[in-house]
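Each reported figure results from applying straightforward, stated rules to the coordinates on display, with no laboratory input. In this text, all values refer to a predicted model and were calculated from it rather than measured experimentally. A quick note on method: Cβ atoms are made from the backbone with ideal geometry, for glycine too, and the neighbour counts reach across all protein chains shown.
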Amino acid sequence: MAKRKTTKAFKPYDDRSQPTRSIKGYPNTLRRSPAKFYPRVVSLADVTGPRFTAAAVTADDADLSRQAPGQPRALGQLITVSGRVLDDAGKPVPDCLIEIWHANASGKYIHHNDPSPVPEDRNFRGRGRVVTDAQGRYSYRTVKPGGYAVPDDRPGDTIGWWRPPHIHLSLFGANFAARLVTQVFFPGDPLNDADLILGRIPDKAARERLIARYVPRTTSNSAEGDAPLLFSHDMVLRGRFETPFENR
Ligand SMILES: [Fe+2]
């Protein structure tokens, strides 16, 4: 994890570090984001209401690479993504529920709205959940998703756009109302620079906060059998170093 300076005074994020509402050539974005800014006051129920804990998930929920323990694993490159969820002061956020979903290694989602003719993978679980521990740490195992061609058959669609491999994430912070949605990408992929979703974040440093870091293994591949590639990715819920979120 990269070290950074922190200050006591809260400094909100710069608008350029967050995605723009609309994307030229991707009309769907206008339907998926609010037309106006609606300030919301945090209520007493938000603060005192139920919170997620580790009891909300099982160990199996952290493995998207197979349907259940002992079952065959999905096709593709096995990976583990680990990191921490932090607040604006760099302090860990415990008991943060992270929901995870992505396409299979061929670039196909388990969803009826995915019209692509790309092969499905019956062994791929496709979604998972983890809860951060007392140090804000999380980890999940899956297969590296494939990129996919974005349908471009409607007026205004960008022709020939491919999404780079990415993982969708939803985080619940301090309360149920504090849900944030984001994506994580993989380093070195040639599709990253051309992606309209990643490119809608004006600030380069903020875009790079969405790209996971490859972590060289320090343990034997042989000892682990089907050894995963390791990636690290920290997420910051608010402040100057806030992770770019889609539902701002
Ligand atoms: Fe996606």
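Remarks
- Charged side chains reduced to their Cβ positions (Lys and Arg at +1, Asp and Glu at -1) give the chain a dipole of some 740 debye around its Cα centre.
- Extension gain from ASP15 to ALA68, taking 0.36 nm per residue of separation minus the Cα-Cα distance: 14.9 nm
- Fewest-first ordering of PHE241, PHE124 by other beta carbons within 10 Å of each residue's beta carbon gives PHE241, PHE124.
- Helical mean residue ellipticity (222 nm; -39500 (n - 2.57) per DSSP H run of 4+; nearest 500) of the chain: -1500 deg cm²/dmol
- Taking the fewest neighbouring Cβ atoms within 10 Å as the starting point, the ordered list for ILE159, ILE100, ILE211 is ILE159, ILE211, ILE100.
- Using a Gaussian network model of the chain in which every pair of alpha carbons under 10 angstrom is joined by a spring, one finds that among SER232, SER82, SER43 the greatest mean-square fluctuation is at SER43.
- Structure remark: mean-square fluctuation, Gaussian network model of the chain, C-alpha springs under 10 Å; the largest value among ARG40, ARG125, ARG31 belongs to ARG40.
- Shape of the range 5-128, Cα gyration tensor, a/c cut at 1.5: oblate
- Residues considered: HIS168, HIS112, HIS102. Largest GNM mean-square fluctuation over the chain, using C-alpha springs under 10 Å, is found at HIS112.
- For the range 98-115 and the range 195-248, distance of Cα centres in Å: 19
- Rounded to two decimals, the Cα radius of gyration of the chain over 2.2 N^0.38 Å is 1.03.
- Relative contact order for the chain: 28 percent, from Cα pairs under 8 Å spaced at least 6 residues apart, divided by residue count.
- Rounded if a/c under 1.5, otherwise prolate or oblate - the range 51-187, Cα gyration tensor axes: oblate
- Measuring spread by the Cα atoms of the range 108-166 yields a radius of gyration and Dmax of 15.6, 49 Å.
- Counting neighbouring beta carbons within 10 Å and listing from fewest to most, the residues PHE231, PHE52, PHE10, PHE37 come out as PHE37, PHE10, PHE52, PHE231.
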